[in-house]
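Taking it in order: structure first as structure tokens, then the write-up.
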Amino acid sequence: NQSRLVEMTATIYESSSRIPNGTVTQMTYQVPLAEGVTVPVSAIRYSGAQTLVFVVQGGSAVAHEVVVLAEGGGLAVVEGVTQGATVVDPLPADLISGSSVTVIGGTD
């Protein structure tokens, strides 16, 4: 959570109670930082200049280079994998592309 001051315009509807001049309020709002495929941050491997996500294809883990567009709350929005792809998470430190994998609790 980050606090920021932003300018907002509110529409005040008629009410039987009067709002005093100088009233201060606090509002919560959400701003989408990016749109795209969401993956757990724990599924991302940073290796030198590469950022990788391993996708399960035909029973094997296949490395896909991705670009992280935004990150927050344990999730990252990335480019480079398709929506609905089964990503390896948590990511074992010794996993390499082509390794045989078994999906537990998934559909692949």
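The values are calculated or read from the model by the stated rules, or taken from the named source; none is laboratory data. In this text the structure is predicted, and so the values were computed from the model without any measurement. Backbone-built Cβ (ideal geometry, glycine too); neighbour counts: all protein chains shown. Areas reflect the complete protein model, heavy atoms only, side chains present, ligands, DNA and RNA absent. Shrake-Rupley method; radii C 1.70, N 1.55, O 1.52, S 1.80 Å.
Worth a mention:
- Element breakdown for the chain at a 1.4 angstrom probe: carbon and sulfur atoms account for 50% of the accessible area.
- GNM flexibility winner over the chain from Gly74, Gly84, Gly48 (Cα, springs under 10 Å): Gly48
- Taken about its Cα centre, the chain carries a charge dipole of roughly 280 debye when the Cβ of each Lys and Arg holds +1 and the Cβ of each Asp and Glu holds -1.
- Contact order normalised by residue count of the chain, Cα under 8 Å, 6+ apart, percent: 25
- Per residue, the accessible area of segment 11-104 comes to 73 Å², computed with a 1.4 Å probe over protein heavy atoms only.
- J(HN,Hα) series, segment 19-30, from Karplus relation 6.51 cos²θ - 1.76 cosθ + 1.60, nearest Hz, glycine and proline x: 8, x, 4, x, 5, 10, 9, 10, 10, 9, 8, 10
- Cα-based values for the chain, radius of gyration first and Dmax second, are 21.7, 69 Å.
- The amide H of Thr51, built 1.01 Å from its N in the peptide plane, has Val66 as neighbours under 5 Å, considering only residues 5 or more places off or on other chains.
- Look at the dipole of the chain built from charges on Cβ: of Ala70, Val101, Met27, the Cα furthest out on the positive end belongs to Met27.
- Just checking the listed ones, Glu71, Glu14, Glu79: in the Gaussian network model of the chain with Cα springs under 10 Å, the one fluctuating most is Glu14.
- Ranking by accessible area, most exposed first, for Leu75, Leu5, Leu95, Leu33 with a 1.4 Å probe: Leu5, Leu33, Leu75, Leu95
- Using θ = phi - 60° in the Karplus curve 6.51 cos²θ - 1.76 cosθ + 1.60, the 3J(HN,Hα) couplings for segment 77-93 round to 9, 10, 10, x, 10, 8, 4, x, 5, 8, 9, 7, 7, x, 8, x, 4 Hz; x is entered for Gly and Pro.
- Cα gyration tensor shape for segment 49-108, rounded if a/c is under 1.5, else prolate or oblate: prolate
- Site pair Ser60 and Asp89 shows an inter-label distance of 2.4 nm when each label is modelled 7 Å from Cα along Cα→Cβ.
- Cβ-Cβ distance of Glu35 and Thr11, R₀ of 35 Å, FRET efficiency by 1/(1 + (r/R0)^6): the value works out to about 0.80.
- Gained length - Ala49 relative to Ser97, 0.36 nm times residue gap less alpha-carbon distance: 15.6 nm
- Taking amide H as placed 1.01 Å from N in the peptide plane, Ala70 has its amide H under 5 Å from the amide H of Val77, each at least 5 places away in sequence or on another chain.
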